[in-house]
Amino acid sequence: MRNLFTALILTAAATTASAQQLQVATGSAVGTYSTMFKQLSGRCGNAVALVEINSTGSQDNMERLVGNQVNAAFVQSDVLYLRARTEDLSNIKTLIALHPEQVHLLARASSGIKTGGTMGIGAKEVVFNDLRDLAGRRVGAAGGSTVTAQVVRLQSEVPFNVVPLASEAAVRKALDDGVIDAGLFVGGAPLPFIAALGAEYKLLSIAPATVEKLKGVYRPARLNYSKMGAAGVATVSTDALFVTRQYKTQRMTDGLAKLRQCAFAELDDLKETTGTHPAWQAIEAGNKGKWAWYDLATSK
């Protein structure tokens, strides 16, 4: 009996050791990416073993993926776009296209900046309503939003100055202190801290002509934040993507294909289960995102 028990333990250990395992870079342990990973793993962990690697976000995730420290990662599509300008990312493929993450351009309702007049007489306050009004102005951003700010500046041809800051809280403080003229934040709307803001702030729109310039990387989107009276503010969104490297071994391609199949099979239930992250609501199985799609098929 003891020998049988020992044999069973050894067999289970061997099975576990040989099972395909995917290490996935997410983000903060309390962030959207980590939450979605845990919920996906809870549904699809039997199809393929998933191991979470927490990180500082999209840029960190790309470093780990390119550096072969993880097998897959949650990444914003514009982060991929910017890196692809200077390096070959042809082996990075989209396994699952996730939710849109909207660009939020936040400014003070009253800029406090005066222009014109003579010796202070007749000066008028500068008003920011649109991305184009930020030409020559300072736009603060933190983390992955810094990359978005750089891409938006390049693609829109609006020459604002990107001011990298340590955190979202630092961006907000710099805005309140007048160090920057606007803050750029990226995330699935509604962003909780922006939803809590009142009429002393405003969201700047992105005009249709500018959205057209951005369409190679971004999608048109709208923002609604009732406390600051913002309804239907035109903006753009980047795609959140679950990406991986292109593998050749059957064990890896089978594992990735099984994970995708399971994710799509469970998608409706993830959307309709009370308490799952609201970002699941915006994911569609037919959406392949704006980055190269990974064509996969499991072995027979």
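The values are calculated or read from the model by the stated rules, or taken from the named source; none is laboratory data. Everything quoted here is computed from the prediction, not taken from an experiment. As a convention, Cβ positions derive from the backbone with ideal geometry for all residues, glycine included, and neighbour counts pool all protein chains shown. Note: accessible area is taken over every heavy atom of the protein model, side chains too, but ligands, DNA and RNA are not part of it. Shrake-Rupley method; radii C 1.70, N 1.55, O 1.52, S 1.80 Å.
The table that follows gives values for the structure above.
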| read-out | value |
| --- | --- |
| Options A292, A234, A265, A282: the member that is touching a strand residue (DSSP E or B) at 6+ places or on another chain (Cβ under 8 Å), open to solvent by 20 Å² or more (accessible area, probe 1.4 Å) and over 18 Å from F74 (Cα atoms) | A234 |
| Matching residues, segment 253-300, being assigned to a loop (DSSP other than H, G, I, E, B), more than 23 Å from G31 (Cβ to Cβ) and among the charged types (D, E, K, R) | K288, D295, K300 |
| Enumeration of residues in segment 195-222 that are among the aliphatic types (A, V, I, L, M) and more than 17 Å from the chain's Cα centre (by Cα) | A195, A196, L197, A199, L203, L204, I206, A207, A209, V211 |
| Pairs where the first residue, in segment 60-86, is in contact (Cβ under 8 Å) with a residue 12 or more places away in the chain and the second is surrounded by fewer than 22 Cβ atoms within 10 Å (Cβ to Cβ) and among the polar types (S, T, N, Q), C-beta under 7 Å, 6+ apart | V70/Q23; N71/Q23; V79/Q59; L82/Q150 |
| Segment 158-174 residues that are surrounded by fewer than 20 Cβ atoms within 10 Å (Cβ to Cβ), paired with ones that are charged (D, E, K, R) and assigned to a loop (DSSP other than H, G, I, E, B) (beta carbon under 9 Å, 6 or more apart) | N161/R137 |
| Any pair with Cβ under 6 angstrom, 6 or more apart, that starts in segment 27-53 at a residue that is under 18 Å from D268 (Cα atoms) and outside any loop (DSSP other than H, G, I, E, B) and ends at one that is open to solvent by less than 50 Å² (accessible area, probe 1.4 Å) and among the polar types (S, T, N, Q) | F37/T26; Q39/T276 |
| Enumeration of residues in segment 178-192 that are at pLDDT below 95 and open to solvent by 40 Å² or more (accessible area, probe 1.4 Å) | A189, P190, P192 |
| Filter result for T56 (touching a His at 6+ places or on another chain (Cβ under 6 Å) and over 19 Å from A292 (Cα atoms)) | no |
| Residue ID - farthest from Q150 (Cα to Cα), chosen from residues in segment 230-258 that are small (G, A, S) and touching a Gly at 6+ places or on another chain (Cβ under 9 Å) | A240 |
| Residue in segment 203-221 that is under 30 Å from S111 (Cβ atoms), in a helix (DSSP H, G or I) and of a type in the set (S, T, Y) present | yes |
| Matching residues in segment 132-148 - criterion: being in contact with a Phe, Trp or Tyr (Cβ under 8 Å, 6 or more places away or on another chain) and either of a type in the set (D, E) or outside any loop (DSSP other than H, G, I, E, B) (or both) | L134, R138, V139, A141, S145 |
| Residue match in segment 205-221 (condition: in contact with a Ser or Thr (Cβ under 7 Å, 6 or more places away or on another chain), among the charged types (D, E, K, R), at pLDDT 95 or above and open to solvent by 70 Å² or more (accessible area, probe 1.4 Å)) | yes |
| Where a residue in segment 252-265 is farther than 14 Å from G45 by Cβ and its partner, wherever it lies, is surrounded by fewer than 16 Cβ atoms within 10 Å (Cβ to Cβ), with Cβ under 6 Å and at least six apart | D254/T298; D254/S299; A257/T298; F264/A285 |
| Among residues of segment 54-106, those that are under 12 Å from V243 (Cβ atoms), in a loop (DSSP other than H, G, I, E, B) and open to solvent by 20 Å² or more (accessible area, probe 1.4 Å), counted | 2 |
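Conditions (1) under 30 Å from T253 (Cβ atoms); (2) in contact with a strand residue (DSSP E or B) (Cβ under 9 Å, 6 or more places away or on another chain); (3) at pLDDT below 95, marked per residue:
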{"site": "D88", "(1), (2), (3)": "yes, no, no"}
{"site": "A107", "(1), (2), (3)": "no, yes, no"}
{"site": "S111", "(1), (2), (3)": "no, yes, yes"}
{"site": "T115", "(1), (2), (3)": "no, yes, yes"}
{"site": "T146", "(1), (2), (3)": "no, yes, yes"}
